[in-house]
1. Based on this model, can you work out whether ILE52 counts as crowded, with 18+ Cβ neighbours inside 10 Å, free of Cβ contacts under 8 Å to residues at least 40 places away in the same chain and closer than 24 Å to ASP13 by Cα?
2. Take the range 16-31 and flag every residue that is polar (S, T, N, Q) and either part of a strand (DSSP E or B) or within 10 Å of the chain's Cα centre (by Cα) (or both).
Amino acid sequence: MSFDTDFLAFAKDSIETYGAAMTLRKPGASAYNPATGDVAASSTDFAVRGLIESYSEFHVAQGLVKAGDRRIIIAAGSLSVTPQQGDTLILGGQSLLIINVKSDYAGDTPILHTLQVRN
């Protein structure tokens, strides 16, 4: 095994063990129904586990994040897709908008995705 593979497995196992259950919701295409005039939006959900952190008062005071924003760390190996800005994370029945995504790599392999989420 290589360092990349070992680290990917370690990150995934650690977050699976200690992380909270959540759902990543990626928006799909919208469809217009001419009979009703409604627009139906579809989405695809992905179960994932993640570590939840609060940002420090320093980050809020410096204007780097807004009060109430949270940081969610998920293992890249636990998802078949990459989270993107504008996706939604559902945590404890609450929908959180993904504001920013930062991915950490070992070589060319994504290991962790750090999400900034907001109510």
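FYI, it's all coordinate maths here, none of it is from the lab. Keep in mind that what you see is a predicted model, and the values were worked out from it rather than measured. Positions of Cβ are generated from backbone atoms using ideal geometry, with glycine treated the same way; all protein chains shown enter the neighbour counts.
1. no
2. Of everything in the range 16-31, those that are polar (S, T, N, Q) and either part of a strand (DSSP E or B) or within 10 Å of the chain's Cα centre (by Cα) (or both) turn out to be THR23, SER30.
Rundown of residues vs (1) under 18 Å from ARG25 (Cβ atoms); (2) aliphatic (A, V, I, L, M); (3) in contact with an Asp or Glu (Cβ under 8 Å, 6 or more places away or on another chain); (4) not in a loop (DSSP other than H, G, I, E, B), yes/no style:
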site	(1), (2), (3), (4)
PHE58	no, no, no, yes
GLY63	no, no, no, no
ILE74	yes, yes, no, yes
GLY77	no, no, no, yes
PRO83	yes, no, no, no
SER95	yes, no, no, yes
LYS102	no, no, no, yes
TYR105	no, no, no, yes
